[in-house]
Each structure stands twice: as structure tokens, then as C-alpha cells.
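See below for the structure under consideration.
The values are calculated or read from the model by the stated rules, or taken from the named source; none is laboratory data. Because the structure is a prediction, the values reported are computed rather than measured. All Cβ positions, glycine included, derive from the backbone under ideal geometry; neighbour counts span all protein chains shown.
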Amino acid sequence: METSYGTGDLGKLFFEQVFDPIAVYRVNPGPFDLDKVMYLDVNKAYEKVMKVKREQVIGRSFAQVWPNGEARWSDLIRACVTRRRAARSEGHSPSTGTYLEAMAFYLPPDRVAVIFFDQTKWKAAASALQDSQEKLRNLAARLTLSEEQTRREIAADIHDRVGYSLVSLLHLVRELKARSSDDESRELSRRCQKEIEGLVEETRTLIFKLSPPVLKDLGLNFALETLAENIFTPLGIGWTFQGDDDAVTALPVDDEICVLLYRMTRELLINITKHSKAKHAAIRVRRGQGKIQVIVEDDGVGFVPPSLRTEGNARTGYGLFSIRERLLTIDGQLNVLSEPGKGTTVVMTAPRMLGRSDE
């Protein structure tokens, strides 16, 4: 027996046995109207999910069966018929209490088949995964801020205890050297003085690496400029820094935002020295309506930017992925522009104040 939608018994068997709801419609000629979309057949799964009986729908129009139907599914049929090609839609279905994905297929000359997939569990899993990712991002942000606080405390302890003690010891050795009456004592004092001076310098460097005082005392612009000086200049990489004018620089930025941007910029600058083979780099800071941007550019080898949703290689992957994740926790974003042989531009955008991306 030939059916209206398949090819004999095999088509009928498939239609009835498949677990997903299927409906087949005939679309009467003329301008599209739901009153012209007539039910030809539905399978058992359609009856179960849609809570209808086959004999109640066959021969009736879509508009008659679903006078207050969900617009998503009628729009799907309309798109399939008017475009004469497959169409897709998905969303929560109040009438079934599930999250459905539907595919509509045009069957010339005048028929449409729609198959529905219950994606409720998948949607719940995706939502749970998204929630977990959000929690991980928030945890990463809190860990970064907690790490910075710890760095500041350690740096302050080193400065107040070790630093002052070394400076006091240096003064004593200098005084001892001045009072020494024989060459051997003066030479020993000179060597002690040199060693202590080296320790004082190393202590200052360690304090700066732990938590640069300029970030808190003089602001983000000066801290980033000092950072570029310390990273690029010893390696012979040319660099420039451009900040906003004084009026714009006066726009407030939360300390936590400054810390995050400083740490992420440091990662980018180190990345340039390790991978880009750049001869010149540029750092720019822009403050705007509720937002702040830090832009890092280099004239290095460049690369093909990967999807930042997944980790990649050392040059392009985890570092940028990690930065993106941290920015997302504060409603920020990361944009990467690069081509092989044409350098790289990385734009980090963050709200100036935590909890607000606009003012």
C-alpha cells in the first residue's frame, strides 16, 4: 500500500517506529496561510508528545488543531514552504513542557514533514555546564584578586622588614669602611658593602615583581609604562606607550580592575618576548563611557587566531583563553586581530567599575 509520505510498507514502518515525533502536512495552493496547512499523518511519538490523537488531527488544518499554537512552529512551517528548503527552530514548548528542536523538510510539490527532537536533558546539561563555567570564572577572578592582595602583603613585609634592615646594615658597613685604618679592613668593608647593595637591589626588584608600588601609588598608566620599560628595554625591543589625556585619565577605575588589567597586560608582553619575534610593541590605554581598554600591539610574526572557547598552543591558546575567561567574569571582552607575518593586536575591554559596564 502506497502512503502519502513514504514508499510503501518500509516507509510506513519507519514512520511508526521512530522514537521522535513526526508530522506530515499538505500545503494547499495559494498564498501561505495556516488554514491551508493540512495534516496528512502523524506517528505515535507525535501523539504522545503533543498530547493529541491521530484521528483528531488527520484532515484538519494546523490552525484548527492549534488555534492558539506556539508561533515558533507555525513560523518554521512558513519558512520551509516559502523558501522551499529545510528549516530549523528550537525553544521551550509550554504545551509539552519540554525543550524541542524541530527540522522541517520540503517535499515537492506540496508537502512538508516536520520531525521534533526532545532536547530537554541536553538543554539542562548545557545550562548546568554554563553555570559551572560561570562559577569557575568567578572563582578564577577571586583567586586573582586574592593572589594580588597576598602579593601586596608579602611585598610590604619584605619592604618593611628585610628592606629596612638591609639599608640599615648598609649604612653601618659604609661607616665601618670609613673608620677602617688598614687596607685589609677597608677591602673587607668594601666587599660587604657591594654584597649588601646587590641584595638591596634584588629586594627592590622582588618587591616590584610581587606587587609594583606604582600600580597603587601612581595608577595604571604609569604602572604599564614602567612594566614595558622593564620587560622590553633589556631585550632591545622598541616600544611606545600612549595613555589618555589628564581629563580622561581622571575617570575612576576600580583597583580590582586595574590589578586584573595589569596582570593580563604583563602576560601579553611576556608572550611577545617569547613568541612573536617582534621588533616593536605598543601599549595604549583608553577610558570611555563606563569602560576602559588596554590595547597591546606588536609587529611580530602573527598567527591565525584560534577560537578562544578552547585552549590552543602556547603562542595562541591557553594564555588568551585564560585572559578571555577572566574578562568575562567582570563583563569584559577580549578581541584578537592577527595574520601570519602581519603582527598582532589584542584589545582587552573591561568596565571601569565592578558590577557596571555602562554609566
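Name the single residue that is surrounded by the fewest Cβ atoms within 10 Å (Cβ to Cβ) among those in the stretch 305-339 being assigned to a loop (DSSP other than H, G, I, E, B) and at pLDDT 80 or above. Applying the filter and picking the extreme gives E339. State all residues of the stretch 133-156 that are surrounded by 15 or more Cβ atoms within 10 Å (Cβ to Cβ) and farther than 17 Å from R326 by Cβ; if no residue qualifies, say none. Correct list: R152, A155, A156.
Condition check for L251 on (1) within 26 Å of S211 (Cα to Cα); (2) modelled with pLDDT of 85 or more: one failure, at (2). For the stretch 51-70, filtered to residues that are out of contact with any strand residue (DSSP E or B) (no Cβ under 8 Å at 6 or more places or on another chain) and at pLDDT 90 or above, the residue that is surrounded by the most Cβ atoms within 10 Å (Cβ to Cβ) is W66. Restricting attention to the stretch 215-229, the residues that are closer than 13 Å to A281 by Cβ and in contact with a Pro (Cβ under 9 Å, 6 or more places away or on another chain) add up to 1.
Taken over the stretch 261-285, the criterion of being farther than 13 Å from S338 by Cβ, part of a helix (DSSP H, G or I) and of a type outside the set (A, V, I, L, M) is satisfied by Y262, R263, T265, R266, E267, T273, K274.
Taking the criterion of being farther than 15 Å from V81 by Cα and surrounded by 17 or more Cβ atoms within 10 Å (Cβ to Cβ), the residues of the stretch 13-46 that qualify are F15, P21, I22, L40, D41, V42, N43, A45, Y46.
Residue-by-condition table, conditions (1) within 22 Å of T98 (Cα to Cα); (2) small (G, A, S); (3) at pLDDT 90 or above; (4) in a strand (DSSP E or B):
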position	(1), (2), (3), (4)
G6	no, yes, no, no
D9	no, no, no, no
L13	no, no, no, no
Y25	no, no, yes, yes
P31	no, no, yes, no
D35	no, no, yes, no
Y39	no, no, yes, yes
V49	yes, no, yes, no
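Quick one: in the stretch 157-188, of everything that is in contact (Cβ under 8 Å) with a residue 40 or more places away in the chain and of a type in the set (A, V, I, L, M, F, W, C), which residue is surrounded by the most Cβ atoms within 10 Å (Cβ to Cβ)? Only one residue tops the list, namely I158.
Among the residues that make up the stretch 200-216, is at least one of them farther than 30 Å from L269 by Cα, outside the structural domain of Y262 (by the TED database) and more than 31 Å from the chain's Cα centre (by Cα)?
Within the stretch 200-216, none of the residues are farther than 30 Å from L269 by Cα, outside the structural domain of Y262 (by the TED database) and more than 31 Å from the chain's Cα centre (by Cα).
Restricting E225, E202, E229 to those that are modelled with pLDDT of 85 or more, touching a Phe, Trp or Tyr at 6+ places or on another chain (Cβ under 6 Å) and assigned to a helix (DSSP H, G or I) reduces the list to E225.
Taken together, the residues in the stretch 189-207 that are free of Cβ contacts under 8 Å to residues at least 24 places away in the same chain, closer than 27 Å to S146 by Cβ and surrounded by 15 or more Cβ atoms within 10 Å (Cβ to Cβ) amount to 0. Of the residues making up the stretch 283-309, just one is among the small types (G, A, S) and either touching a residue at least 60 places away in the same chain (Cβ under 8 Å) or in contact with a Phe, Trp or Tyr (Cβ under 7 Å, 6 or more places away or on another chain) (or both), namely G290.
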